[in-house]
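These notes concern the structure reproduced below.
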Amino acid sequence: MNRFQWIKGKTWGFSVLTAALTLSATASAATADSAALKQRELADGLYEMVYSPTANALYVASAQGFKNVNGGVLYKLDPTTLATQGETHTDLKNFGMAADDNGKVYYTTNTLDGGVSKVDVQSGKVLQRLMFQGKDKDGDPVGAREILFHKGQLFIGGVADPGFISVVDASTMTLKARIENAGKWVTGIIYSPLTDRIYAANGGGEVLVINPGTHKIEQRWTPGDKKTYLFLNMAEDPATGRLFVTDDSKAKTTLVFDERSGKVIKCLEGDALGIKFNAKRNEIFISQRESKKVLQLDAGSYAVKNSWSFTSHPNSLLVTPDGKTLYVTVKQDFNDDSTTKGPDSVVRISLN
């Protein structure tokens, strides 16, 4: 799998349960009220999003096209109407996103060029940029995929084999450290307030448990069933100590890890790409790229409460801090010449 393929494809007391729950929008899942959904075609190459309460705006990273198109765009949208409020045209393509704690700046990974940019939320200007050193086996820059902001530091996964995690001082945009031997293709990265640890998923089916102070990998969790996994994205319920990990490759499942033991306690079958936990509503949201659906699950029973169907492929998810709104980027199919069949969309779903 090369760097373009994964970008295209991209994106308490519980006992151990061996029975699998199929995540499909069957008769058990009611279709949500379409009046609560607003969809807008926006541009090619949409990926991740951040929401800034300070600016009251939704920001969307775009790589634009992949054939004869240089650079990308960062869109500033009205969070209610999805109308465009601003555009920043960048010389590099944009993929992953993360915001700082005060909502004054956000960060976007320039994956194909192996860099990260810092952007002012009000002006939209790129304030600083850091380009990482190193090439992959094909001589291309190592892809900088997911990005996490934590206590003034950026943790950025490197899609290489073996992969690594770059630790960046967010204020100066300088490299502080590099966490090596992180497995094949570092994908998702999140912080757990419950354990005060960073979790990083990789393409070898591991969850790395990392001390954010020492930058040391302390544990490596695996499903332990000898199956092949390519982990992608993660979400956490800190109240119950559950970590949700998606696999949209061969396994096509969402695994639930017990954070105390590092063991899998539940397997939710069905293709799964993006995942978010909504603590305000005790719900899990999963984007199903292949099935062209977004699922809303009860986090206690794992029952599918609602589903939304699309004509193309749901990708990245974002839940607002108040838990009342879900945003989705919906991607079009690629043609053989790396063009797409149309512009990607941004969707706003009211959860009231």
Inset, instruction - Rounded to the nearest Å, what's the spacing between the alpha carbon centres of region 65-90 and region 197-264? Just the number, please. - result: 32 Å
Inset, instruction - Assign one of three labels to region 236-318, namely rounded, prolate or oblate, based on the Cα gyration tensor with a ≥ b ≥ c the square roots of its eigenvalues; rounded applies when a/c is under 1.5, prolate when it is not and a/b is larger than b/c, and oblate otherwise. - result: oblate
Inset, instruction - Mind listing the long-range amide H neighbours of Leu92? Cut-off is under 5 Å, sequence gap 5 or more, other chains count too, H placed in the peptide plane at 1.01 Å from N. - result: Gly72
Legend entry - Carbon and sulfur %, accessible surface of region 193-282 computed with the full protein complex present, 1.4 Å: 46 percent
Legend entry - In Hz, Karplus ³J(HN,Hα) per residue of region 150-165 (6.51, -1.76, 1.60; θ = phi - 60°; x = Gly, Pro): 8, 6, x, 10, 10, 10, 10, x, x, 8, 9, 9, x, x, 8, 10
Legend entry - Cα-derived Rg over Rh, computed across the chain with Rh taken as Kirkwood radius: 0.93
Inset, instruction - Principal axes first, then extents: for the Cα atoms of region 164-209, list largest minus smallest coordinate on each axis, whole Å, largest first. - result: 33, 26, 13
Inset, instruction - Let me have the relative contact order for region 254-294, percent, based on Cα pairs under 8 Å that are six or more residues apart. - result: 28 percent
Legend entry - the chain - accessible surface per residue (Å², probe 1.4 Å): 41 Å²
Legend entry - Whole-Hz ³J(HN,Hα) from phi, Karplus 6.51 cos²θ - 1.76 cosθ + 1.60, for region 193-209, glycine and proline x: x, 6, 9, 6, 10, 9, 9, 10, 9, 9, x, x, x, 10, 10, 8, 9
Inset, instruction - Give, in nm to one decimal, the length gained when the segment between Lys226 and Glu269 is fully stretched (0.36 nm per residue of separation minus the Cα-Cα distance). - result: 13.8 nm
Inset, instruction - Rounded to the nearest 500, what is the 222 nm mean residue ellipticity of the chain from helices alone, with -39500 (n - 2.57) per DSSP H run of 4+ residues and division by all residues? - result: -500 deg cm²/dmol
Inset, instruction - Could you run the Karplus curve 6.51 cos²θ - 1.76 cosθ + 1.60 with θ = phi - 60° over region 259-271 and give me ³J(HN,Hα) per residue in whole Hz, x for Gly and Pro? - result: 5, 6, 9, x, 9, 6, 10, 7, 10, 9, 6, x, 4
Legend entry - Loop sites in region 200-286: trypsin sites (Lys or Arg not before Pro), DSSP, at most 15 other Cβ within 10 Å: Lys216, Lys226, Lys227, Lys250, Arg260, Lys280
Inset, instruction - Past 23 Å, Cα to Cα, is the threshold; run Lys104/Lys292; Lys137/Lys252; Lys93/Lys125; Lys135/Lys252; Lys93/Lys250 against it and keep the listed order. - result: Lys104/Lys292; Lys137/Lys252; Lys135/Lys252; Lys93/Lys250
Inset, instruction - Give the long-range amide H neighbours of Asn306: residues separated by 5 or more places, or on another chain, with amide H under 5 Å away, using H modelled in the peptide plane at 1.01 Å from N. - result: Gln296
Inset, instruction - Please find the FRET efficiency linking Asp336 to Thr240, where r is the Cβ-Cβ separation and R0 is fixed at 41 Å, and quote it to the nearest 0.05. - result: 0.35
Inset, instruction - Rounding to the nearest 20 debye, state how big the charge dipole of the chain is about its Cα centre with +1 on each Lys and Arg Cβ and -1 on each Asp and Glu Cβ. - result: 220 debye
Inset, instruction - Please report, in Å, the Rg and the Dmax of region 202-352, where both are computed over Cα atoms only. - result: 16.2, 47
Inset, instruction - Provide the gained length on full extension for the span His89 to His150, in nm with one decimal, where the gain is 0.36 nm per separating residue minus the Cα-Cα distance. - result: 19.3 nm
Legend entry - Average Cα contact separation per residue, region 97-146, under 8 Å, 6 or more apart, as relative contact order %: 33 percent
Inset, instruction - Along Cα→Cβ, 7 Å out, is where each label goes; now give me the distance between the ones at Lys216 and Asp136 in nm to one decimal. - result: 3.1 nm
Legend entry - Directionally averaged projected area (convex hull, Cα atoms, region 295-352), nm²: 5.0 nm²
Inset, instruction - Over region 188-319, calculate the relative contact order: mean separation of alpha carbon pairs under 8 Å at least 6 apart, over the residue count, as a percent. - result: 14 percent
Legend entry - Distance from region 108-127 to region 304-352 (C-alpha centre basis), Å: 22 Å
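The values are calculated or read from the model by the stated rules, or taken from the named source; none is laboratory data. Values in this document were obtained by computation on a predicted structure and should not be read as measured data. Backbone-built Cβ (ideal geometry, glycine too); neighbour counts: all protein chains shown. Note: accessible area is taken over every heavy atom of the protein model, side chains too, but ligands, DNA and RNA are not part of it. Shrake-Rupley method; radii C 1.70, N 1.55, O 1.52, S 1.80 Å.
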